[in-house]
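Engineer: So that we are looking at the same thing, I have put the structure below in structure tokens.
Here, each number is a calculation from the coordinates, and none is a lab measurement. Since the model is a prediction, treat every value here as computed from it, not as a measurement.
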Amino acid sequence: DDYFNFSFPRWLRIGAFVRVPLQLEVGRCLARRPSTVRVAAEPRPSEIILYRPMTKELTIDQAFALAERHRREGRLPQALALTEQLITAAPGHGDALQLMGVLSAESGNVDEGIEWLLKALEVAPGACAYLADLGYLYCADGQLKVAEQYCLRAIEAAPDHLPAHTNLGNVYWGLNDLNRAVTCFLSALSIDPEHVQSLNNLGATYRRQGL
């Protein structure tokens, strides 16, 4: 089969396609409260496994940025622990709820990831990043028609939100609706002509169509 990049988690396999890294988008849709959360101090590069015993106070914004950094650099346990503290300190922090959904999915629990993202969506029902990520995870979970609806809602909320178009194309690929998949990938490329995943998936879809 042609290599088709679903951008699904490395622990998932769809059909005969290869596994690829998870690439969810963490949005910034809400203003944060200027409160603080007491967390472990950020480690030096040589101490990335365990925190030092000292603690310091970080603002919500600083703690969220640190959690995102841990995720980007592959320190999922630290990212999860800090995000849990964030949610405890600010239960209505939509981006922290979304990040917890992303981290849960990356840790191997798609169902839990969906639950966290639904909580984020309760905070900001029109947040395109939350809707697109839900479409992504429902697609990963095999619930393609549900995924389609969330992707469409994301596009309605923000027509230029590239991940929503790519995710919807992946949904239509899974449904074997190749003409619609092509349309979605072309829409994504109209936003970013060099988007590698959309270029790859468009080519794979054309090959599947025999073009």
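Engineer: For the range 66-211, what are Rg and Dmax over the alpha carbons, in angstrom?
Structural biologist: When restricted to Cα atoms, the range 66-211 yields Rg and Dmax of 16.0, 54 Å.
Engineer: Whole percent per 10 Å bin, from 0 to the bin with the longest distance: what is P(r) over all C-alpha pairs of the range 160-207?
Structural biologist: Histogramming the range 160-207 at 10 Å steps yields 35, 58, 7 percent.
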